[in-house]
Amino acid sequence: MPSFETGVRLLKNILIKKRSYSAFFADETDALHKAFPAKATVHAGPFGIPMLWNSARNFLEKKSFEPRQTDGIAYVHIPFCESRCLFCMFYQNPYASEAADAYTNTLIKEFELWNQRAAQNSAPIKALYFGGGTPTAFEPHNIKKILDAVRTNLPLAEDCEITFEGRLHGLTDEKLSACVEGGVNRLSIGVQTFNADIRKEMQRLDSPEYIIRRLEKISAIDNLAVVIDLLFGFPGQKGKAWTDDLKIASELPIDGVDCYQLNVFE
Ligand code: SF4
């Protein structure tokens, strides 16, 4: 007899095959806490089906006029990075300033295109997340333009949590100011490991000493929560290397740590 989870997955797949796209949606009743369990799948591939351009466009067009019943969360993707870490599946496009300018302008057009539509403006947005890639690869003028456009076009709640994801490499004071002045109140920094050997092996840039110093400085910025990502399960990462990472993180004046297991695919 299939397990409960397998049963739920089979049912969702039947819905997907019948093109009931609700099988893809997050649970809207409490988006902040229940966004993910309700998703059957997020990518075409295992358990997913690709939506071809016309059907995706028609579907989104229709959906964009349907009001949201509850507070929402929004995700803005910045699919650029300046270098590629060996383990990363999120890397899509090498950063180039012309591409970043073009992407910024297109993103703003998209915010404006949707800002009169019910799906975007019908209920407050409680949390907004800029993920990637590496959003902090963008130059201050683009960060500022995007954050201005977001405030003009999205119904952000008074206490909206605005997270910018990135890394310390290239995160200048000017970029930080553009983030904070634009309303970012949470910074999520991919550290992955403080271990110098593993960093080198994985082609992570910057030394552990630099990362620690920089995190100490950034954590002192007012009204900005700083959280970091750590990864466990790197090749050659024995228990001590991992507990050392946790110890260093726990002694830093940061606000939180997200720990992820490295998933290795054939
Ligand atoms: S910096 Fe982040 S997004 Fe860029 S390649 Fe490394 S892990 Fe991936």
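Looking across segment 166-190 at every residue that is under 15 Å from the mean Cα position of the chain (by Cα) and under 14 Å from residue 210 (Cβ atoms), the one that is least open to solvent (accessible area, probe 1.4 Å) is identified as 189.
Counted as qualifying within segment 52-160 are the helices (runs of 4 or more DSSP H) with 1 or more residues that are closer than 30 Å to residue 206 by Cα, namely 97-114, 140-153.
Quick check on this structure: which one of 228, 218 is over 28 Å from residue 264 (Cα atoms), surrounded by 15 or more Cβ atoms within 10 Å (Cβ to Cβ) and not aromatic (Phe, Trp, Tyr)?
Values: 228 fails: over 28 Å from residue 264 (Cα atoms).
Within the list 228, 218, the selection yields 218.
Among the residues of segment 127-165, the one identified as in contact with a Cys (Cβ under 6 Å, 6 or more places away or on another chain) and either among the aromatic types (Phe, Trp, Tyr) or more than 16 Å from residue 77 (Cα to Cα) (or both) is 164.
Restricting segment 125-150 to residues that are open to solvent by 20 Å² or more (accessible area, probe 1.4 Å) and at pLDDT 95 or above leaves a set whose member that is nearest to the ligand (Cβ to nearest atom) is 129. Within the set of pairs 6+ apart or on separate chains, which have a first residue in segment 118-136 that is under 16 Å from residue 157 (Cα atoms) and assigned by TED's automatic domain parsing to the domain that holds residue 146, a second that is part of a strand (DSSP E or B) and within 16 Å of the ligand (Cβ to nearest atom), and C-beta atoms under 6 Å apart? That search, which allows pairs on different chains as well, returns 129/75; 129/163.
The values are calculated or read from the model by the stated rules, or taken from the named source; none is laboratory data. Values in this document were obtained by computation on a predicted structure and should not be read as measured data. Cβ atoms come from the backbone with ideal geometry, glycine included; neighbour counts cover every protein chain shown. Side chains included, ligands, DNA and RNA excluded: accessible areas come from the protein's heavy atoms. Shrake-Rupley method; radii C 1.70, N 1.55, O 1.52, S 1.80 Å.
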